[in-house]
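Take a look at the structure below.
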Amino acid sequence: MTNAANRTLWTIIGVLLLAAGVAGILAYYNRFFGVTLPSAVLWPAFVDWWRDIDPWGPIIVIAAGLLVAWLGLLLLRAELRTTGQRPLPDLHTDEPLGTDADDAVGGRTTVRADALVRALRSDLARQHGIHAAKVKIGGTPTVPRLAVRLDLPADTQMTRVRETVDAAVTRFTTTSGLQLTSTEVTSRITDASPRVR
């Protein structure tokens with residue numbers, strides 16, 4: 001989940017909670033359509049309809065509750081990730097080595113995705129003006145996406161940081177062979193001393 005999708009999701013949740021709160025206040029003060037008494041939250045027509053659909057009412061409520069719980073778990077899992085993206089799977093190469101068919105040597109090469117993450121994170125964190133870096137590579141080997149979060153000092157020159165990040169990403173793509181389809185870089189100002197994570 002990208003930052004934009006994350007913001008959109010939380011905006012929708014906020015609007016729904018706000019609407020529920022406003023509806024409750026309007027119902028309490030007898031300003032809500034169909035509510036005749038300040039103490040009545042469910043109007044008689046709704047209560048009658050609820051009784052008519054028995055036993056499906058509780059089943060609908062349980063299903064809705066399970067759906068909300070499932071969506072909440074998805075949201076929680078996305079929030080606990082660094083970028084909200086699923087990690088990139090390990091890369092496998094099965095092509096034989098050698099240009100001549102007679103000299104070709106069969107084999108298999110596996111590159112751990114977390115090794116690529118550590119390499120880029122270390123490269124960025126060692127650059128001047130960057131206190132720390134978090135890196136996440138998501139997507140698939142054919143459609144990889146990169147997300148970077150940087151901890152920067154207060155006197156950071158963003159133009160220089162951008163050039164530094166561009167250079168590090170260029171080194172990364174050259175070394176790994178991955179053709180990134182998107183690169184998302186976010187930053188925060190911190191007073192922490194430089195470190196590699």
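So, in the stretch 1-26, how many residues would count as being at pLDDT below 70, surrounded by 10 or more Cβ atoms within 10 Å (Cβ to Cβ) and part of a helix (DSSP H, G or I)?
Of the residues in the stretch 1-26, 1 are at pLDDT below 70, surrounded by 10 or more Cβ atoms within 10 Å (Cβ to Cβ) and part of a helix (DSSP H, G or I).
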Of all residues in the stretch 93-139, count the ones that are under 21 Å from ARG162 (Cβ atoms) and modelled with pLDDT under 60. 0
Quick one: count up the residues across the stretch 172-195 that are outside any strand (DSSP E or B) and surrounded by 13 or more Cβ atoms within 10 Å (Cβ to Cβ). 7
From the list VAL135, VAL148, VAL165, which one is assigned to a helix (DSSP H, G or I), in the same structural domain as LEU116 (by the TED database) and crowded, with 19+ Cβ neighbours inside 10 Å? VAL165
Can you tell me which residue within the stretch 51-92, out of those that are open to solvent by less than 90 Å² (accessible area, probe 1.4 Å) and among the acidic types (Asp, Glu), is modelled with the lowest pLDDT? ASP90
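The values are calculated or read from the model by the stated rules, or taken from the named source; none is laboratory data. In this text the structure is predicted, and so the values were computed from the model without any measurement. Heads up, the Cβs are rebuilt from the backbone with ideal geometry, glycines too, and the neighbour counts pull from every protein chain shown. SASA here: full protein model, heavy atoms, side chains in, ligands and nucleic acids out. Shrake-Rupley method; radii C 1.70, N 1.55, O 1.52, S 1.80 Å.
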